[in-house]
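**Q** Sharing a structure with you now.
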Amino acid sequence: MGMLHGKRILLIVAGGIAAFKSLELIRRLRERGASVRCVLTDAGARFVTPLSLQALSEDRVYSDMFSLTDESEMGHIQLSRDADLLVVAPATANILARMAGGMADDLAATVLLATDKPVLAAPAMNVRMWTHAATAANVETLKKRGVTFVGPNDGAMACNEHGPGRMSEPEEIVAAIESMLAAGRPPLERPLAGKRALVTSGPTREAIDPVRYISNHSSGKQGHAIAAALSHLGAEVTLVSGPVAVADPPGVRTVHVDSADQMLAACLGAGAIDVAVCAAAVADWKMAKPFSAKIKKKPGAQPPALALEPNPDILATLSKSGAGRPALVVGFAAETENLVANAIDKRKGKGCDWILANDVSPAAGTFGGERNTVHLISATGVEDWPTLAKDEVAGRLAARIALHLARPRSAEAAE
Ligand code: PMT
């Protein structure tokens, strides 16, 4: 039975490009047993059709405040009375302003003004609109009145700008809804507050001599996005990063290392942690004895033989059972063939709880690229995720982690 079984969500869809994610949100909520009824604003109807919302929610969609049919069948007060929670997604600058101003100029605003139910808003707008003093003041006002916010996330936006303003991923919104309804108290905007996370990211460099090294093409984009997403949900995050060109995520303690040995030492030095995510592409081997001086190329001489030895396995070390083991250890499996089968074996071999299998063959473009197609493998099964931007993978993973850590032990066993 889904965690939201029997819960009634009134979803208000306002006019933003992120409205397409609300379709996925309806799916996710219904999968978890909630019923969803939608209110669509005029602007929202420019981005998604009433028919799509109706098909996914299997309920009629309400738009018109002055519809005699609507009012006779379901008055606007009744719409909010019949819900356990009102969710505004996307919450545009416009609807936030109307909420803050107490306007009742369309059905969505009227329902929001008339309700005595908790309200969750998932903002989505251009970065400048989000950072504008007017929006900041409206958000502040709404927070003071008890409206809860999830997001927005940082990232590339449809308007070709970058920064905060992207609507949270459906999984993140579901996590916020679940934490709110589960406890019968206001949702935690930061469900990982009080939790400590450790993330590894990027490649390692194993010295051959003072100027040459063994490494790989990992850019750190995936690991850094995961660190940012966990921090966004309130976790205190230590990111241990190999040499990368991407910037340190704001609000995250970042430790820079070169080699696998250094990465392991930094991980072990991070102190007690609740969740570890190993996204780094750690070199499996290092030089048994790195040359202390630059290897000279002598005319006619054979190339030097490079004797290698295995590096410590950081993921396996963190997964070892014992008093200090994190409650959840997550690895990645980088595979070029037999992706899921190899990853299932790797999860068992390394002893981690979850592993995210991703295809790293050059054609997939995962190493260094912007997108990733992962399969989440746990003890109980394999979940195929669609191809997503790396920050979307990160958002989904962070939301899953938050849900997992919030669950009682008995639910974990059944997961
Ligand atoms: O950095 P990007 O360009 O964004 O690319 C992301 C990524 C492809 C690097 C990332 O998504 C990914 O797959 N990371 C794991 C890469 C890897 O080394 O996979 P593996 O199958 O060899 O290792 C399995 C797991 O063991 C990984 O969690 C790895 O971090 C860990 N490991 C491996 C060896 C080792 N000595 N120590 C480890 O902790």
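**Q** How long are the semi-axes of the equivalent ellipsoid of the chain, defined as square roots of 5 times the Cα gyration tensor eigenvalues? Whole Å, largest first.
**A** 46, 21, 19
**Q** In degrees from 0 to 90, rounded to the nearest 10, what is the angle of the helix 170-183 Cα long axis to the longest principal axis of the chain?
**A** So the inclination is approximately 70 degrees.
**Q** Quick one: which of 6-15, 85-94, 332-341 comes out on top by average Cβ neighbours within 10 Å, and what's the full order, highest first?
**A** 85-94, 6-15, 332-341
**Q** Which net charge results for the neighbourhood of GLU337, defined as the other residues with beta-carbon distances under 14 angstrom from its beta-carbon, given Lys and Arg at +1 and Asp and Glu at -1?
**A** Result for the local shell: -2.
**Q** A follow-up question, please. Go through 309-320, 106-117 and give me the packing order, highest mean Cβ count within 10 Å leading.
**A** Listed from highest to lowest mean packing, they are 106-117, 309-320.
**Q** Here's a follow-up. Report the Stokes-Einstein translational diffusion coefficient (µm² s⁻¹, integer) for region 288-383, Rh taken as the Kirkwood radius over Cα pairs, at 20 °C with viscosity 1.002 mPa s.
**A** The Stokes-Einstein estimate is 132 µm²/s.
**Q** Please report the net charge: other residues with Cβ closer than 9 Å to the Cβ of GLY155, K and R +1, D and E -1. Can you show the working numbers first?
**A** Details: positive: ARG166; negative: ASP154, ASP391, GLU392.
It works out to a net charge of -2.
**Q** Cα centroids of region 385-408 and region 22-70: how far apart, whole angstrom?
**A** 25
**Q** Next up: Over the chain, what is the relative contact order in whole percent, taking alpha-carbon pairs under 8 Å and six or more residues apart? Mind showing how you got there, number by number?
**A** Details: 877 pairs, mean separation 46.4, N = 415.
Normalised by residue count, the contact order of the chain is 11 percent.
**Q** How fast does region 8-180 diffuse by Stokes-Einstein, in µm²/s, taking the Kirkwood radius from C-alpha pairs at 25 °C and 0.890 mPa s?
**A** Once the numbers are plugged in, D ends up at 155 µm²/s.
**Q** Checking the cross-link filter: which aspartates and glutamates have an alpha carbon closer than 17 Å to that of LYS195, excluding same-chain neighbours under 8 positions apart?
**A** Within the straight-line limit of under 17 Å, LYS195 reaches these aspartates and glutamates: GLU172, GLU236, ASP274.
**Q** A further question on this structure: Tell me, what is the percent relative contact order of region 352-398, built from C-alpha pairs under 8 Å that lie six or more residues apart?
**A** With pairs under 8 Å counted, the relative contact order is 32 percent.
**Q** May I ask you to list the lysines whose Cα is less than 20 Å away from that of LYS346, ignoring any residue fewer than eight positions away on the same chain?
**A** Reachable lysines: LYS320.
**Q** Return the calculated 222 nm mean residue ellipticity for the chain, to the nearest 500 deg cm²/dmol, obtained by summing -39500 (n - 2.57) across DSSP H runs with n ≥ 4 and dividing by the residue count.
**A** Per the formula, -10000 deg cm²/dmol.
**Q** Still on this structure: Return a whole-number percent for the relative contact order of region 8-180, with Cα pairs under 8 Å and 6 or more residues apart as the contact set.
**A** Contact order relative to length: 23 percent.
Just so you know, all these numbers are worked out from the coordinates, no wet-lab data involved. Keep in mind that what you see is a predicted model, and the values were worked out from it rather than measured. All Cβ positions, even for glycine, are placed from backbone atoms using ideal geometry, and neighbour counts span all protein chains on display.
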